[in-house]
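Q: Following this message is one structure expressed as structure tokens.
The values are calculated or read from the model by the stated rules, or taken from the named source; none is laboratory data. Small disclaimer: the values here were computed from a predicted structure and weren't measured. Please note: Cβ atoms are built from the backbone with ideal geometry, for glycine as well, and neighbour counts cover all protein chains shown.
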Amino acid sequence: MQQQASQQLIQQLQALAESRQDELFALLERLVAFPTVSPPARNTAEAQQYVESQLAACGFETSLWEVYPGDPNVTAVKCGSHSAQYNSLLLNGHIDVAEVGDPSGWKRDPFTLSLEDGRLYGRGVSDMKGGLAALLFVLGLLREQEVELRGDLLFQSVIGEEAGEAGTRACMERGCEADFAIVADTSSLAIQGQGGVITGWITIQSPETFHDGMRAKLIHAGGGVQGASAIEKMMKLINGLQELERHWAVTKSYPGFPAGSNTINPAVIEGGRHAAFIADRCALWITVHFYPDEDFEEVTQEIEDHLLRVADGDPWLRSHPPSFRWGGRSMLEERGEIFPSLALDRHAAGLQGLARSHEALVGAAPEIGMSPTVTDAGWIARAGIPTVIYGPGELRQAHAVNESASMEELVRYAQVMLAFIVEWCNTPKPSSPQPSYSQERMGLS
Ligand SMILES: [Zn+2]
């Protein structure tokens, strides 16, 4: 009986979402109008205040707190009527959008939402203000219809995703627990995990600085002076990185990724001080992609171990080994970022429930696989919360000139989320302890 009642309720809610999609459009129109482009960033305060006011109007207890000046996060919670016994759900999305570039390439103003032939146009409609607007629309309908949710609903509207900044990471560091999390980033309504990305700096530093005139004594027989060019020594380490990258390409793989996706890119090199000197310092900025079953700690340890062995094979580097600085909390502030990977557990109750809600509405099972890009989802999974990426919008539209999204898909997304939230947050927590998520990090194709 109860099952039937909830199915009827879900269908009523989904019909409302369909018939009132102009309200979804209006919400998205407001979000798109805030030019929250990153870089330059530090411009999301007004947009986040708007999101906070929407959440408050939906009955959430909200908190707006600064991550960087002008870039606050919004975290919010709506306690369920039986918090302790029923499933909780965390919803996450980022408020920043990609740069617009040369606006003359745009057919319309990127910050004025328009709808033509069923497609929405505006910066962020696919990545990912469409997802954020749909979630706020859903929460508004649940509030208005006074739908009882027994478990807690948590919301994070974060900054900095586009510039590798620690918006979601900061939320998790403040403390956040949930039984399941959905990151509403661009996935075309596929349920996705992801590989990870970490950047790092490898630095060679000579304790002495030699004039260019000393080069002959440093490199020739009988010169008698021990020293080295940091730039030339870095060439050995770059060779070492290429060997490791090739080794990874043939020894590591993960279902859902083309072979060799685990690359090490020597992206930026800085070194030397002047043509009149021998380079006493050289720093290399690398970008490392790794698979969902790897943690960034183990991957960076592998790189360090390998490069220190390479260094060991060189008489000068042996006593002047490279130093390493991995990751960072912002590409803008400290030229470093981390996107932890996200493995999917196909048997997780949340993933299965979401797939059922999707299939019931769309009429076909969702694609379950791996995103070719990265999102903040890895930070939530690292906190021990079973997490998936599931959002509207198309990746080829993300960051594109004349970015667009399908209005129909946005409505579908809202409808699936209505069903899933009602079912999940009214499902009792498992009474006996279940095997933890991390015990099964299985591959998916
Ligand atoms: Zn995104």
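Q: What are the residues in segment 128-182 that are in contact (Cβ under 8 Å) with a residue 24 or more places away in the chain, farther than 20 Å from CYS79 by Cα and more than 16 Å from the ligand (Cβ to nearest atom), if any?
A: Within segment 128-182, ALA170 is the sole residue that qualifies.
Q: Would you pick out the residues in segment 114-139 that are within 23 Å of the chain's Cα centre (by Cα) and surrounded by fewer than 21 Cβ atoms within 10 Å (Cβ to Cβ)?
A: none
Q: Another question, if that's okay. Being more than 29 Å from SER371 (Cα to Cα) and among the small types (Gly, Ala, Ser) is the filter; apply it to segment 283-330 and report the residue that is surrounded by the most Cβ atoms within 10 Å (Cβ to Cβ).
A: Once the filter is applied, the top-ranked residue is ALA311.
Q: Which residues, taken from segment 83-101, are away from the ligand (no atom under 16 Å from the Cβ) and surrounded by fewer than 16 Cβ atoms within 10 Å (Cβ to Cβ)?
A: From segment 83-101, those away from the ligand (no atom under 16 Å from the Cβ) are 83-90, 101; that's our starting set.
SER83, ALA84, GLN85, GLY101, listed by residue number.
Q: In segment 373-428, how many residues are within 16 Å of the ligand (Cβ to nearest atom), in contact with a helix residue (DSSP H, G or I) (Cβ under 8 Å, 6 or more places away or on another chain), among the polar types (S, T, N, Q) and outside any loop (DSSP other than H, G, I, E, B)?
A: Of the residues in that region, 1 qualify.
Q: Here are the criteria: (1) more than 15 Å from the ligand (Cβ to nearest atom); (2) buried (at least 21 other Cβ atoms within 10 Å of the Cβ). Tell me which single one GLY369 does not satisfy.
A: (2)
Q: A further question on this structure: Quick check on this structure: which one of PRO39, PRO110 is within 18 Å of ASP127 (Cβ to Cβ) and surrounded by fewer than 18 Cβ atoms within 10 Å (Cβ to Cβ)? Show your work before the answer.
A: Details: PRO110 fails: surrounded by fewer than 18 Cβ atoms within 10 Å (Cβ to Cβ).
Going through PRO39, PRO110 in turn, the sole match is PRO39.
Q: Which of the numbered conditions does SER104 fail, given that it passes all the others? Conditions: (1) at pLDDT below 95; (2) among the polar types (S, T, N, Q); (3) buried (at least 16 other Cβ atoms within 10 Å of the Cβ).
A: (3)
Q: Identify the residue in segment 51-74 that is in contact with a helix residue (DSSP H, G or I) (Cβ under 6 Å, 6 or more places away or on another chain) and at negative phi and, among all such residues, is surrounded by the fewest Cβ atoms within 10 Å (Cβ to Cβ).
A: LEU64
Q: Considering only residues that are surrounded by 11 or more Cβ atoms within 10 Å (Cβ to Cβ) and under 23 Å from the mean Cα position of the chain (by Cα), which ones fall in segment 258-276? Can you show your working first?
A: Taking segment 258-276 first, the residues surrounded by 11 or more Cβ atoms within 10 Å (Cβ to Cβ) are 260-266, 268-273.
Selection gives GLY260, SER261, ASN262, THR263, ILE264, ASN265, PRO266, VAL268.
Q: Still on this model: Could you tell me how many of the residues in segment 140-195 are closer than 24 Å to GLU359 by Cβ, crowded, with 24+ Cβ neighbours inside 10 Å and acidic (Asp, Glu)?
A: Residues that pass the stated criteria total 1.
Q: Still on this structure, please answer the following. Can you say whether THR203 is outside the structural domain of ASN87 (by TED's automatic domain parsing), in contact with a Cys (Cβ under 8 Å, 6 or more places away or on another chain) and more than 16 Å from the ligand (Cβ to nearest atom), as far as the supplied structure shows?
A: On the way: outside the structural domain of ASN87 (by TED's automatic domain parsing): yes; in contact with a Cys (Cβ under 8 Å, 6 or more places away or on another chain): yes; more than 16 Å from the ligand (Cβ to nearest atom): yes.
Taking the combined requirement at face value, the residue satisfies it.
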